[in-house]
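Input: a single structure, listed below in structure tokens.
The values are calculated or read from the model by the stated rules, or taken from the named source; none is laboratory data. On a predicted model such as this, the values are computed, not experimentally measured, just so you know. Every residue, glycine among them, receives a Cβ derived from its backbone with ideal geometry; neighbour counts consider all protein chains shown.
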């Protein structure tokens, strides 16, 4: 099955200007998954490429920084081959109306619905490869790779809580749920970070591409929010996707790791203390709520016409309720 589709109305690219910039004629299709940045397949005589640009309309400050994502991938690919190789950055907004970059195309399997995995043995192999890839990411030598330059580990968790709380306050709608209890808890119970690593910040099953035999990771995608900080922030966000229910593509049953197995394998392979993982999971759930609320507010304000976003309100409420359950536990 093709993983691309015709470009959605209103999200077309100016093929003449794009082809002139690229240096050869390109045909364009769109990757329909995802709710944030727009991702396109470029077909040219020299091969196939992927183009990434920010979503249409106003976006939150410092969000969807394609030049930064390009720089991260350029530094990351040599030491972490699961990160795709970037080809070229365009900072001239006159070409397609926004800053964008082009990277190599990787081909493999992406499971947006875990029930699509063919059998329990495959689900088990994917679970193992998924965790092991995160372990490899968190094992990168920050100094030797130069990746220490993409973030500031000191005060990382304080900035995470403060920054996401501020984004929540800015993304106001009349029907937004009350997150005061969650924010207050996160602010007053911040753990002490024991070490620092590259943090993907959106590591989930449908941001991982698998080899055709489903035994290994072929690529990790969507590096927009990558930084340097507490690696357990990645584990917490991963857990929130892994356990909050099938509506959010959480792998449960049929051979997939349980939540406990995922934590145990990560702890065993890294030697990290995961005793406060519940706090990191609450932070991850809150971050996801903020991301969906930011998308929803753009729809409410008429800044995007994508009909997929009209039903985000109950998802946001569900996530705030889930964060409340985690802090109560």
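Residues considered: 74, 88. Of these, the only one that is in a helix (DSSP H, G or I) and surrounded by fewer than 17 Cβ atoms within 10 Å (Cβ to Cβ) is 74.
Within the stretch 94-112, being more than 20 Å from residue 212 (Cα to Cα) and either in contact with a strand residue (DSSP E or B) (Cβ under 9 Å, 6 or more places away or on another chain) or part of a strand (DSSP E or B) (or both) holds for 96, 97, 98, 99, 100, 101, 102, 103. The number of residues in the stretch 255-291 being free of Cβ contacts under 8 Å to residues at least 40 places away in the same chain, within 21 Å of residue 113 (Cα to Cα) and surrounded by 15 or more Cβ atoms within 10 Å (Cβ to Cβ) comes to 1. So for the stretch 51-65 (the condition being surrounded by fewer than 19 Cβ atoms within 10 Å (Cβ to Cβ), outside any loop (DSSP other than H, G, I, E, B) and within 20 Å of the chain's Cα centre (by Cα)), does at least one residue qualify? No - not one qualifying residue is present in the stretch 51-65.
Of everything in the stretch 275-329 that is outside any helix (DSSP H, G or I) and closer than 15 Å to residue 240 by Cα, the residue that is farthest from the chain's Cα centre (by Cα) is 329. Checked against the criterion of being over 24 Å from residue 312 (Cβ atoms) and more than 19 Å from the chain's Cα centre (by Cα), the candidates 180, 189 yield just one match: 189.
Results for (1) in the same structural domain as residue 262 (by TED's automatic domain parsing); (2) touching a residue at least 24 places away in the same chain (Cβ under 8 Å); (3) within 25 Å of residue 12 (Cα to Cα), shown as yes or no for each residue.
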{"site": "47", "(1), (2), (3)": "no, yes, yes"}
{"site": "65", "(1), (2), (3)": "no, yes, yes"}
{"site": "70", "(1), (2), (3)": "no, yes, yes"}
{"site": "75", "(1), (2), (3)": "no, yes, no"}
{"site": "84", "(1), (2), (3)": "no, yes, yes"}
{"site": "89", "(1), (2), (3)": "no, no, yes"}
{"site": "128", "(1), (2), (3)": "yes, yes, no"}
{"site": "132", "(1), (2), (3)": "yes, yes, no"}
{"site": "140", "(1), (2), (3)": "yes, yes, no"}
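When the stretch 113-151 is filtered for residues that are part of a loop (DSSP other than H, G, I, E, B) and touching a strand residue (DSSP E or B) at 6+ places or on another chain (Cβ under 7 Å), the ones remaining, listed by number, are 140, 151. If only residues of the stretch 75-108 that are out of contact with any helix residue (DSSP H, G or I) (no Cβ under 9 Å at 6 or more places or on another chain) and more than 26 Å from residue 142 (Cα to Cα) are counted, the one that is modelled with the highest pLDDT is 105.
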